[in-house]
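Bear in mind these aren't lab numbers, they're just calculated from the coordinates by the rules spelled out. Given the structure is predicted, the values throughout are model-derived calculations rather than measurements. Quick reminder, even Gly has a Cβ in these numbers, built from the backbone with ideal geometry, and neighbours come from all protein chains shown.
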């Protein structure tokens, strides 16, 4: 309902006595309810409401991880050479896997990256067009397509790894080696807990039952 309709309802109430005033009050109240319903604070899995805004002191470790990850990705994106494919997550994953093990099939790439086969096919088509990979029929099975990095693709991966090291150094520059070791141990515990629960219907179920 539009703002002017509420105003008209309130104006009509001034000429309609108590009945009109009650209807106008109900309309305004309904509008407030709609506003409240659209701006409810997010809830945790325990049903507790979180505050809409968070200061550094109220950020939980998982929230900090998400925030740091997003900032790290932004830094990588901002330092990327214009015109490359590394801004796309699928292309980054494919190039990194091919740099580790060249000559994988498209199906193997889909399995290792966790990407859907159509996504892999589209990404490889673009990368091939830009000269980063080449696709060849398998010598043992003509129906299978193998993917290889070109020299241009390998050079791009080396540039990306150098930018990644730089971003990591910026993120860790105020962290001591001892703090880094402690942080890694804590993050590995969180990673293992999530790995135990990521396929559970109830995120809390497996952790609490074991």
Quiz prompt | Prolate/oblate/rounded call for the range 64-210, Cα gyration tensor, a/c under 1.5 rounded | solution = oblate
Practice problem: Sort 65, 186 so the one with the fewest other Cβ atoms within 10 Å of its own Cβ comes first. | Solution: 186, 65
Exercise. Could you line up 147, 175 from fewest to most neighbouring Cβ atoms inside 10 Å?
Key: 175, 147
Quiz item: If you find the alpha carbon centre of the range 55-78 and of the range 133-190, how far apart are they in angstrom?
Solution: 20 Å
